[in-house]
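Encoded as structure tokens, the structure appears first; notes follow it.
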Amino acid sequence: LRGPEACSLDDVGFLAYPPLAGGILTGKYAGTPPDNARLNLFPGFMPRYLQSRAKEAVDAYCAVADKYDLTPAQLALAWCYSRKHVTSTIIGATSLDQLRENIEAYEIELPEECLEDVIASDKNFRDPSKTS
């Protein structure tokens, strides 16, 4: 079990940080990321992302979000908020629109089918940032 799942077994709260994986789960890196994007600014992050299964995993989560008419960020945050053991999340936003989207995700109740799709994707990508 990973951290969040292990916490749920013993009624230990889990603080999700960063729930958007440094912006990766917003889908903004699906194309060519802007020069000022975090993964370009901090050495080591972009190569790890591009040389692992992370991009493939993000594409799968973006497809789930699209299927349920959500943004990738809404899906990621609503997922966190739907887990009873997640007691809080630390979000980061660089614009008011991003902040609004993050806050509004708290009101989204994911349908059971969506939860099942996320779990199915998660099983395919247990640790997508590993390069070997």
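A compact table of results
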quantity: Unmet criterion (only one of (1) within 12 Å of the chain's Cα centre (by Cα); (2) in contact (Cβ under 8 Å) with a residue 40 or more places away in the chain; (3) assigned to a helix (DSSP H, G or I)) for Gln74; calculated: (2)
quantity: Matching entry among Asp97, Asp117, Asp69, Asp127 (being open to solvent by 60 Å² or more (accessible area, probe 1.4 Å), part of a helix (DSSP H, G or I) and not β-branched (Val, Ile, Thr)); calculated: Asp97
quantity: Matching entry among Leu110, Leu39 (being outside any helix (DSSP H, G or I), open to solvent by less than 90 Å² (accessible area, probe 1.4 Å) and of a type in the set (A, V, I, L, M)); calculated: Leu110
quantity: Test: residue in segment 83-90 that is part of a helix (DSSP H, G or I), open to solvent by less than 50 Å² (accessible area, probe 1.4 Å) and in contact (Cβ under 8 Å) with a residue 24 or more places away in the chain; calculated: no
quantity: Residue match in segment 22-36 (condition: small (Gly, Ala, Ser), at pLDDT below 80 and buried (at least 16 other Cβ atoms within 10 Å of the Cβ)); calculated: no
quantity: Pairs where the first residue, in segment 44-68, is closer than 12 Å to Gly22 by Cβ and the second is of a type in the set (A, V, I, L, M) and assigned to a helix (DSSP H, G or I), C-beta under 6 Å, 6+ apart; calculated: Phe45/Leu39; Met46/Leu39; Tyr49/Leu39; Val58/Ile24
quantity: Segment 42-51 - residue that is outside any helix (DSSP H, G or I) and open to solvent by 60 Å² or more (accessible area, probe 1.4 Å) and, of those, farthest from Gly92 (Cα to Cα); calculated: Gln51
quantity: Long-range neighbours under 8 Å by Cβ, at least six apart or interchain, first residue under 22 Å from Gly44 (Cβ atoms) and in contact (Cβ under 8 Å) with a residue 12 or more places away in the chain within segment 105-132, second assigned to a loop (DSSP other than H, G, I, E, B) and hydroxyl-bearing (Ser, Thr, Tyr); calculated: Pro128/Ser52; Ser129/Ser52; Lys130/Ser52; Thr131/Ser52
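The values are calculated or read from the model by the stated rules, or taken from the named source; none is laboratory data. As the structure is a prediction and not an experimental result, all values here were calculated from the model. Every residue, glycine among them, receives a Cβ derived from its backbone with ideal geometry; neighbour counts consider all protein chains shown. Ligands, DNA and RNA are stripped out before the accessible areas are found, and what is left, the full protein with its side chains, is counted by its heavy atoms. Shrake-Rupley method; radii C 1.70, N 1.55, O 1.52, S 1.80 Å.
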